[in-house]
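Colleague: Sharing a structure, written as structure tokens. Questions coming.
The values are calculated or read from the model by the stated rules, or taken from the named source; none is laboratory data. Not measured: the values here are computed from a predicted model. Here Cβ is always computed from backbone atoms with ideal geometry, including for glycine, and neighbour counts include all displayed protein chains. Accessible surface areas use protein heavy atoms only, side chains included; no ligands, DNA or RNA. Shrake-Rupley method; radii C 1.70, N 1.55, O 1.52, S 1.80 Å.
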Amino acid sequence: MFRKIFGGNNKDKAPTPQEGIQRLREVEEMLMKKSDFLEKKIESELNIAKKNGTKNKRVALQALKRKKRYEKQLQQIDGTLSTIEFQREALENASTNTEVLKVMGVASKALKSAHNNLDVDQVHDLMDDVAEQQEVANEISEAISNPVGFGQDIDDDDLLAELEELEQEDLDRQLLEVGGTAEDLPSVPTAEPAESRPAKSRQVEEDDDMKELEMWAS
């Protein structure tokens, strides 16, 4: 069976990584089944030893001996499974690396084929032409964006002076509106206040009062 799994003599064609992985998995599956069988045998022999420990020591001892042999075989199988697992992982990694290298090789060939129709000097010349045309486009855009003949003959100082005049007119109008018209002003009083009468008139009135007082006293 091992001859079938691992191949015949050295003249046989070397298997591919995928074939090697598949064969290792088959052996791994077979050993795992045998490991399960040995575990069951160990448990069975242990039960026989326990059952006949006090009744029939010879039978119990024979059971323990078989149990020891099964445990040794199981230990060997566990070691073999570890080795197979390590080898299978190595083959899987090798297979992955092989596929990656194949893809990289195809990509490299495709890139080389694409570059066969390109010349480095031509590429540099093309890029110089692109840069030159970009500069021309920028100059055209800048020329178009600058207004020509649209209000360029107007002096900014004249515009500022006109704006100040407009602001002054608006300020004068606001002051007139706050001051009001002549019709809204209060009328000027025509009667002369008593305090503003001449001093001479007050003196005449005082003399008349003194005369009346002297006549009343006599």
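Colleague: How much of D155 can a 1.4 Å solvent probe reach, expressed as accessible area in Å² and rounded to 10?
Modeller: Taking all protein chains as shown, D155 has close to 70 Å².
Colleague: Moving to a separate point now. Give the calculated FRET efficiency between E43 and T98 to the nearest 0.05, with a Förster radius of 35 Å applied to their Cβ-Cβ distance. Don't jump to the answer; show the numbers that get you there.
Modeller: Working: r = 44 Å, r/R0 = 1.27.
Once rounded, the FRET efficiency stands at 0.20.
Colleague: Sort all Cα-Cα distances of region 1-127 into consecutive 5 angstrom bins from zero, then give the percent of pairs in each bin up to the one containing the longest distance.
Modeller: Computed distribution, short to long bins: 2, 9, 11, 11, 10, 8, 8, 7, 7, 6, 5, 4, 3, 3, 2, 2, 1, 1, 1, 1, 0.
Colleague: Let me ask you something else. How far apart, in nanometres, would the label points at L163 and Q73 be if each is projected 7 angstrom from Cα along the Cα-to-Cβ direction?
Modeller: Label at L163, label at Q73, 10.8 nm between them.
Colleague: In whole Hz, what ³J(HN,Hα) sequence does region 67-78 give by Karplus (6.51, -1.76, 1.60; θ = phi - 60°), x for Gly and Pro?
Modeller: My calculation for region 67-78 gives 4, 5, 5, 4, 5, 5, 4, 5, 5, 5, 5, 4 Hz in order.
Colleague: Okay, next question. Can you give the relative contact order of region 1-123 as a percent, counting alpha carbon pairs under 8 Å and 6+ residues apart? Walk me through the numbers before you get to the answer.
Modeller: Details: 60 pairs, mean separation 37.1, N = 123.
Reported as a whole number, the value is 30 percent.
Colleague: Go through region 112-120 residue by residue and turn each phi into a ³J(HN,Hα) via Karplus (6.51, -1.76, 1.60, θ = phi - 60°); whole Hz please, and just put x for glycine and proline.
Modeller: Ordered by residue, 3J(HN,Hα) equals 5, 5, 5, 7, 4, 8, 10, 10, 4 Hz.
Colleague: Quick one: of K40/K68; K13/K34; K13/K112; K33/K57; K40/K67, which pairs are farther than 22 Å apart, Cα to Cα? Mind showing how you got there, number by number?
Modeller: Details: K40/K68 13 Å; K13/K34 30 Å; K13/K112 34 Å; K33/K57 32 Å; K40/K67 10 Å.
Where the Cα-Cα span goes over 22 Å, the pairs concerned are K13/K34; K13/K112; K33/K57.
Colleague: Determine ³J(HN,Hα), in whole Hz, for all residues of region 43-55 in sequence, where each value follows from phi through the Karplus function 6.51 cos²θ - 1.76 cosθ + 1.60 and θ = phi - 60°; x replaces Gly and Pro.
Modeller: 5, 5, 5, 5, 5, 5, 5, 5, 5, 9, x, 9, 9
Colleague: Between L175 and E28, what is the spin-label point distance in nm, taking each point 7 Å from the Cα along the Cα→C-beta axis?
Modeller: So the two model labels end up 10.4 nm from each other.
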